Amino acid sequence: MANRWLLKTEPSTYSFAQLQRDKRTVWDGVKNPMALKNLREIAKGDQIFIYHTGDEKAVVGVATALGSAYPDPKHSDPKLAVVDLAPVAALPRPVSLAEIKASTKFAGWALVRLPRLSVMPVSAEHWAEVERLGRG
């Protein structure tokens, strides 16, 4: 069964809209050891929420992993990894971090507990609730 993840990006650097225009991308630039550990666990077919950081602070879209994570070909450090992504769809309505923090349904989720972590797992329950909120 596919796993679910959340990946964070600064929209001024690379937005979900840009991913939609590009149709696919190599997700790179992850340096935090825990985020890298999570990134290396991503496999083909995994579902991924794209979260905009900065002023927006919201889950904005869904992507899919086109393959498993692999060593970053741009760096000689074997610890660095990347994954190829393709967009699935924008959420009809972004789900803000404020909404997520206000709901007891998200208690314990890394997005609430570890706000600087850029790659994190998403439970089936949290995924379903974000999708529900995103439908408006």
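The values are calculated or read from the model by the stated rules, or taken from the named source; none is laboratory data. Being a predicted model, the structure only gives us computed values, none of them experimental. Cβ coordinates were reconstructed from backbone atoms using ideal geometry, including for glycine residues, and neighbour counts include every protein chain displayed. Please note that ligands, DNA and RNA were not included when accessible areas were found on the heavy atoms of the full protein model with its side chains. Shrake-Rupley method; radii C 1.70, N 1.55, O 1.52, S 1.80 Å.
Overview of values
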item: Hits in segment 102-120 - residues which are within 21 Å of Met34 (Cα to Cα) and either touching a Lys or Arg at 6+ places or on another chain (Cβ under 7 Å) or assigned to a loop (DSSP other than H, G, I, E, B) (or both); result: Ala107, Gly108, Trp109, Val112, Leu114, Pro115, Arg116, Leu117, Ser118
item: Any hit, segment 108-127, residues being open to solvent by 30 Å² or more (accessible area, probe 1.4 Å), within 20 Å of Ala2 (Cα to Cα), modelled with pLDDT of 95 or more and aromatic (Phe, Trp, Tyr); result: no
item: Complete set of residues in segment 78-95 that are touching a residue at least 40 places away in the same chain (Cβ under 8 Å) and open to solvent by 10 Å² or more (accessible area, probe 1.4 Å); result: Lys79, Leu80, Asp84, Ala86, Pro87, Val88, Ala90, Leu91, Pro92, Arg93, Pro94
item: Some residue of segment 51-64 being in contact with a strand residue (DSSP E or B) (Cβ under 9 Å, 6 or more places away or on another chain), modelled with pLDDT of 95 or more, basic (Lys, Arg) and exposed (fewer than 15 other Cβ atoms within 10 Å of the Cβ); result: no
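Matching residues to (1) assigned to a strand (DSSP E or B); (2) not charged (D, E, K, R):
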{"site": "Val30", "(1), (2)": "no, yes"}
{"site": "Leu36", "(1), (2)": "no, yes"}
{"site": "Leu39", "(1), (2)": "no, yes"}
{"site": "Lys44", "(1), (2)": "no, no"}
{"site": "Phe49", "(1), (2)": "yes, yes"}
{"site": "Gly54", "(1), (2)": "no, yes"}
{"site": "Val60", "(1), (2)": "yes, yes"}
{"site": "Ala63", "(1), (2)": "yes, yes"}
